1. In the stretch 46-91, what count of residues is obtained for those that are in contact (Cβ under 8 Å) with a residue 60 or more places away in the chain and under 16 Å from Pro116 (Cα atoms)?
2. Taking the stretch 24-72 on its own, how many of its residues are among the aromatic types (Phe, Trp, Tyr) and under 20 Å from Ala96 (Cβ atoms)?
3. Of everything in the stretch 61-87, what is within 26 Å of Leu21 (Cα to Cα) and either open to solvent by 20 Å² or more (accessible area, probe 1.4 Å) or at pLDDT 95 or above (or both)? Give them in sequence order.
4. Output yes when any residue across the stretch 5-18 is without any contact (Cβ under 8 Å) to a residue 60 or more places away in the chain, open to solvent by less than 80 Å² (accessible area, probe 1.4 Å), of a type in the set (Gly, Ala, Ser) and on the phi > 0 side of the Ramachandran plot, and no when none is.
5. Failed condition for Ala51, given (1) of a type in the set (Gly, Ala, Ser); (2) open to solvent by 30 Å² or more (accessible area, probe 1.4 Å); (3) farther than 24 Å from Arg8 by Cβ, with all others met?
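The values are calculated or read from the model by the stated rules, or taken from the named source; none is laboratory data. Since the model is a prediction, treat every value here as computed from it, not as a measurement. Note that we place each Cβ from the backbone using ideal geometry, even for glycine, and neighbour counts take in every protein chain shown. For the accessible areas, the whole protein counts, side chains as well, though only heavy atoms, and no ligand, DNA or RNA atoms are used. Shrake-Rupley method; radii C 1.70, N 1.55, O 1.52, S 1.80 Å.
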Amino acid sequence: MEKGALHRNETALAAFLAWRLKPGDVLFASWRFDGDPDHEAVGRAALAAAAIVGAKCIPVPVHAWDWAMPGDTRIPWHRARRINVDQYGLYAKRKALSGDGVPGDPRLDGPSARQPYEIVLL
């Protein structure tokens, strides 16, 4: 699938996620205002799926850190929370990031890929 084309399958993605989720589940997904069209489509689909089944969707900014500065009014800072990631979570995070990157990609080799926490929007 071409980059930025995920919105064409957003409804199908929401249906798939809803099929996999149960009421009360917590789903972490990219933020729907992240600045990357595919990430935003995933964020919208995740929110829709969570609403369908009664799960909770927690947005995770990814690309926003590339364009936002401290105090940027486009980020709802009052909702930002830090969640620590243990060694297994850090391994899973690196493995997930390596799926679409290339060696030298700053998302793989940069500090955000190694940080032992994630910032989420509650």
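1. Counting residues in the stretch 46-91 that are in contact (Cβ under 8 Å) with a residue 60 or more places away in the chain and under 16 Å from Pro116 (Cα atoms) gives 2.
2. Qualifying residue count for the region: 3.
3. Within the stretch 61-87, Val62, His63, Arg79, Ala80, Arg81, Arg82, Ile83, Asn84, Val85, Asp86, Gln87 meet the criteria.
4. The answer is no; no qualifying residue exists.
5. In the conditions (1) of a type in the set (Gly, Ala, Ser); (2) open to solvent by 30 Å² or more (accessible area, probe 1.4 Å); (3) farther than 24 Å from Arg8 by Cβ, Ala51 misses (3) alone.
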